[in-house]
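Peer 1: Right, I'll just put the structure down here and ask away after.
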Amino acid sequence: MINLLEAFKCMSLLRIAEEELAKLFLRDKIMSFVHFYVGQEAVAVGVSNALSPTDRALGNHRSHGHYLAKGGSLRRMVCEILGKAEGCAGGKGGSMHMIARDNGFTGSTPILGSITSIAAGSAFAQKHARTQEVTVAYIGDGASEEGGFYETLNLAALFKLPLLIVVENNLYAVNSKLLDRRSANYNAGDIIRGFGVAYAKADGNDFDDVNTKATELLAGVRQGKPAVLECFVYRHMAHSAPLFDDAQGYREEDVLEQRLAHDCLKKVKDRLILEGVTEESLSQITVETRAFVATEIEYALSAPFPNPQELYSHLYA
Amino acid sequence: MPKSRIINYTQALREATEQALARDTSVFVIGLGVSYPNGADGTTAGLKALYPEQILDVPISEDAVTGMAVGAAIHGMRPIVHHGRVEFALFAADHIFTQAAKWNYMFGGENHVPIVFRINVGRQWGNGPQHTQALYGLFGCALGLKVVIPSSPFMAKGLLSAAIKDNNPVVVLEPRWLFQTKEHVPVENYELPLDRARLVRKGYDISVVAYGDGLLAARMALEIVGDIDVELIDLVSINPIDEDAIFTSLNKTRRLLTVDTTNASFSVGSEVQARALRMQIDFKSRPTSLSCPDVPCPTSTALTENYYPTMVSIANAIRAQLGLSPIQKIISFDDLHLPPEYNF
C-alpha cells in the first residue's frame, strides 16, 4: 500500500491543474480541444501507483491525468495545450496528444478503442524483450463499444500479452447514456472473461479500491494473463470544454450532489483526517500545489510559440 | 553462389523478407496465413519453419492485428503486416492512415514507426468489384506514409528491403498481376530508394509515366510502338511523388502520357497531370492519360476485355501524340486475362 498522502498530493495536482486550465480557457483564447478529467483522478493515480516506473501506459482524448500520474511534466503539458514549442509534442498535438516517453507514458490519441491494440503492441514488444514489464491502455466505456476492443481482447489472450486495459466507465459516450447504447442484458464481465481475459470492477471514485484491484490484476498481467479493470467514475464536467453542463439535463445518477458526495479527492482527504493527518497540513498541500500550477501556467503563457517553419518538420523520421 | 539469378516477383519478396528476418530478430511478419507452407501467395513460403517466432498467423481481426503491429513498431520492433487484399486492409484504415502515418508528426518527432504494410492490389481474373481495387489515390493522399509500387521482381526485393530498414511507415502496394513475372535479381541484400522515380528507358519524343502493372504494359508497348523515342518513367513512389524526375523529363520531351491501372477519377495519373500543369511546360502536344473507366471492375471476361490499358492502347496513345495513325493488333484471350509470365 503506497502512502495515501502521496496519492492525495498527486490527485490534488491533477485536479488543480485542470481547474486552473479551465479558468484559463474561459479567460483566454486557447485553441486546443480539451476534455477534462475532473472527478476521475482516483483511477489514473490508483493505477499508476500500482505500476513500476518502467511499465508503460497509453491514453485517449481525456488523458491529462494519465500523463501526470505517470510522471509527465506539468510544464510541458500546459505548453502543449497552449501550442508552445516546449510542449510535450512540440505544439503539434495539443491536449489530446500527451506523451512522456521517459516516464513510460508513450502516447495518447483520440480515436478511442484503437489505443487498445496499439497498447497490445507495446505489450507484445515487452514480451518479446522478455521483461517483466506491462502496458496499460486507458479507454472509456464508449470506446469499449468499438470492434477493435473486442478483437484486442482475443489477441491479448491468444498471445498472452502483459496488457491491462482500464475502462473508465463514466456513464456517457459524449452525452449518450449506457442504456441507449447497450441492452439491459449487456454484461461486460461475461464478455471479457469469455475471451479468456481477467476482469474486475472497481469503484473509480475510490483510490483504495482502484489501487487494490489494479495491484491484484497486475500480478496476473505480469505473468502474461491480460486483464480489464472497469472503474465506475463520475465525469464532473462536460464531455469537452471547461464547462459544468448540468443544465443540459442528460445526467440521471451523477447529479451535482452525488458527484460531490462521492468525490474521489474528498474521500482520500476524509480518510487521511481519520488517520490523524491534520486539516491544516492538507490545506498546505493544496496551497503549495496551486502555487506550483500557477507558476507553470505563467511560464507556459510566456513561453515561445514554435517557429512557423516547424509546420513542415517531422512528417517523416 | 551466383551473384544473381532469375526469380519471380513473389520469390523476390520472400527473399527480402527472409534476409530481414535473419539479420534482425525485431523484424516479424504478421497476417492471415503467413505461416502456411505457401503463405501469402508464396511470399512467406517455408519461413515459419525457419523463423517460428517471427512468423505470426493471426485471427481475421485486421483492425487489432494491424494496431498491435503499429504498437510494436512504436515500441521498438519492425513489423511487416501482410494484407492479402486491399479491401481487408481497409478494416485497419485507422491504424494505417491515422495512427502510424501521423504518430511521428503529431508527437513532434522522435516517435518513429518503423512498420511495413504489404498490401496486394489490383487486377486478377475472376475476382470482381470487391477483390480487385487498388485505391492508389487513398494511399497517395495519406500524409506521413511512404507508398511504393514495385513494378518488377528486382524492384520488389530492393524496395521491400528498403521499406523494412526505413524508420517510417511504408506501404508496399503489390500488384498481384505481376506475381509471375521474372527477372535477374541479386542474391545479396540490396535497397532501392523509396522516394525516387526510375528512368526505365531514356528518350526524347515523349515521357510516359507509369507504375506497377501499368509499367509492364508500357514496356510491352515499346516493342510495337514503332520508330518513336519514348522516355519511360517508373514512378515507383506515389507518396511522395518524385516531382523533380517528372520535371526533368518533361522539360526535355515536352510530351506526356500517364498510364493508370486504376479508375480515372483521383488516379495517380491525374495527380501527375496536375503537377505537370503547374510546371508550366510548353507542351508540343496535349498531355493524355490512360486509365480504367469509372466503374468497378466486373468479373465476366466479356466485361473486362476493355477495362485495363493494354500494350496496344498505350502504343496508340503514344502514336496519337506524335500524329501517327493507330496500329492494329489483336491481343489473345490469355494475354488479356491471365497474369503474364513476362521476363524482364
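The values are calculated or read from the model by the stated rules, or taken from the named source; none is laboratory data. In this text, all values refer to a predicted model and were calculated from it rather than measured experimentally. Don't worry about glycine lacking a Cβ; one is built from the backbone with ideal geometry, like all the others, and counts go over all protein chains shown.
Peer 1: Which numbered condition trips up residue B:321, out of (1) without any contact (Cβ under 8 Å) to a residue 24 or more places away in the chain; (2) buried (at least 19 other Cβ atoms within 10 Å of the Cβ)?
Peer 2: Failing condition for residue B:321: (1).
Peer 1: With (1) more than 7 Å from chain A (Cβ to nearest Cβ); (2) free of Cβ contacts under 8 Å to residues at least 60 places away in the same chain; (3) crowded, with 22+ Cβ neighbours inside 10 Å; (4) not in a loop (DSSP other than H, G, I, E, B) as the list, and residue B:58 as the residue in question, which single condition is left unmet?
Peer 2: The number of the failed condition is (4).
Peer 1: Only one of B:131, B:112, B:95 is more than 8 Å from every other protein chain (Cβ to nearest Cβ) and either in a loop (DSSP other than H, G, I, E, B) or touching a residue at least 24 places away in the same chain (Cβ under 8 Å) (or both). Can you tell me which?
Peer 2: B:131
Peer 1: A further question on this structure: Looking at region A:137-175, which of the residues that are touching a residue at least 60 places away in the same chain (Cβ under 8 Å), over 19 Å from the mean Cα position of the chain (by Cα) and within 11 Å of chain B (Cβ to nearest Cβ) is surrounded by the fewest Cβ atoms within 10 Å (Cβ to Cβ)?
Peer 2: Residue satisfying both the conditions and the ranking: A:157.
Peer 1: What tally of residues in region A:110-136 results from selecting those that are more than 18 Å from residue B:54 (Cβ to Cβ) and more than 9 Å from chain B (Cβ to nearest Cβ)?
Peer 2: Adding up the residues that qualify gives 7.
Peer 1: Which residues, counting only those in region B:275-309, are under 24 Å from residue B:243 (Cβ atoms) and over 22 Å from the mean Cα position of the chain (by Cα)?
Peer 2: Hits for region B:275-309 are B:277, B:278, B:279, B:280, B:281, B:282, B:283, B:284, B:285, B:286, B:287.
Peer 1: Let me ask something else. Condition first: surrounded by 14 or more Cβ atoms within 10 Å (Cβ to Cβ), in a helix (DSSP H, G or I) and out of contact with any Asp or Glu (no Cβ under 9 Å at 6 or more places or on another chain). Now tell me which residues in region B:273-294 satisfy that.
Peer 2: Residues satisfying the conditions are B:273, B:276.
Peer 1: Right, here's the next one. If you go through region B:254-270, how many residues are surrounded by fewer than 20 Cβ atoms within 10 Å (Cβ to Cβ) and in a helix (DSSP H, G or I)?
Peer 2: The qualifying residues number 1.
Peer 1: Across region B:86-103, what is the number of residues that are under 17 Å from residue A:120 (Cβ atoms) and among the small types (Gly, Ala, Ser)?
Peer 2: Looking only at that region, the number is 2.
Peer 1: Next up: Which condition does residue A:107 not pass, out of (1) within 20 Å of residue A:219 (Cα to Cα); (2) within 7 Å of another protein chain (Cβ to nearest Cβ), if it passes all the others?
Peer 2: Among (1) within 20 Å of residue A:219 (Cα to Cα); (2) within 7 Å of another protein chain (Cβ to nearest Cβ), the lone unmet condition for residue A:107 is (1).
Peer 1: What do you reckon, is residue A:25 surrounded by fewer than 19 Cβ atoms within 10 Å (Cβ to Cβ), part of a loop (DSSP other than H, G, I, E, B) and either among the β-branched types (Val, Ile, Thr) or modelled with pLDDT under 95 (or both)?
Peer 2: Against the criterion (surrounded by fewer than 19 Cβ atoms within 10 Å (Cβ to Cβ), part of a loop (DSSP other than H, G, I, E, B) and either among the β-branched types (Val, Ile, Thr) or modelled with pLDDT under 95 (or both)), residue A:25 does not qualify.
Peer 1: Restricting to region A:100-128, what's the tally of residues that are touching a residue at least 40 places away in the same chain (Cβ under 8 Å), more than 17 Å from the chain's Cα centre (by Cα) and buried (at least 22 other Cβ atoms within 10 Å of the Cβ)?
Peer 2: Applying the first criterion (touching a residue at least 40 places away in the same chain (Cβ under 8 Å)) to region A:100-128 yields A:103-110, A:112, A:115-116, A:118-120, A:122-123, A:126-127.
Among the residues that remain, those that are also more than 17 Å from the chain's Cα centre (by Cα) are: A:120, A:122-123, A:126-127.
If we keep only those that are buried (at least 22 other Cβ atoms within 10 Å of the Cβ) as well, we get A:120, A:122-123, A:126.
Of the residues in region A:100-128, 4 are touching a residue at least 40 places away in the same chain (Cβ under 8 Å), more than 17 Å from the chain's Cα centre (by Cα) and buried (at least 22 other Cβ atoms within 10 Å of the Cβ).
Peer 1: Checking the conditions here, which among A:71, A:91 is away from chain B (no Cβ under 12 Å), part of a loop (DSSP other than H, G, I, E, B), surrounded by fewer than 24 Cβ atoms within 10 Å (Cβ to Cβ) and of a type outside the set (A, V, I, L, M)? Give the steps one after another, and end with the answer.
Peer 2: Values: A:91 fails: away from chain B (no Cβ under 12 Å).
A:71 is the lone residue from the list that is away from chain B (no Cβ under 12 Å), part of a loop (DSSP other than H, G, I, E, B), surrounded by fewer than 24 Cβ atoms within 10 Å (Cβ to Cβ) and of a type outside the set (A, V, I, L, M).
Peer 1: Do we have any residue at all in region A:32-48 that's within 15 Å of the chain's Cα centre (by Cα), part of a loop (DSSP other than H, G, I, E, B), away from chain B (no Cβ under 14 Å) and among the hydroxyl-bearing types (Ser, Thr, Tyr)?
Peer 2: Yes.
Peer 1: Hey, among B:134, B:156, B:142, which residue is among the hydrophobic types (A, V, I, L, M, F, W, C), surrounded by fewer than 24 Cβ atoms within 10 Å (Cβ to Cβ) and at negative phi?
Peer 2: Matching residue, one of B:134, B:156, B:142: B:142.
Quick grid of which residues meet (1) basic (Lys, Arg); (2) within 13 Å of the chain's Cα centre (by Cα); (3) buried (at least 19 other Cβ atoms within 10 Å of the Cβ):
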| residue | (1), (2), (3) |
| --- | --- |
| B:201 | yes, no, no |
| B:208 | no, no, yes |
| B:225 | no, no, yes |
| B:247 | no, no, no |
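Peer 1: Take residues that are within 30 Å of residue A:88 (Cα to Cα), away from chain B (no Cβ under 14 Å) and in contact with a Gly (Cβ under 6 Å, 6 or more places away or on another chain) and tell me which of the helices (runs of 4 or more DSSP H) falling wholly in region A:200-317 contain 2 or more.
Peer 2: Details: elements: A:207-221, A:256-261, A:264-274, A:279-302.
The qualifying helices (runs of 4 or more DSSP H) are A:207-221.
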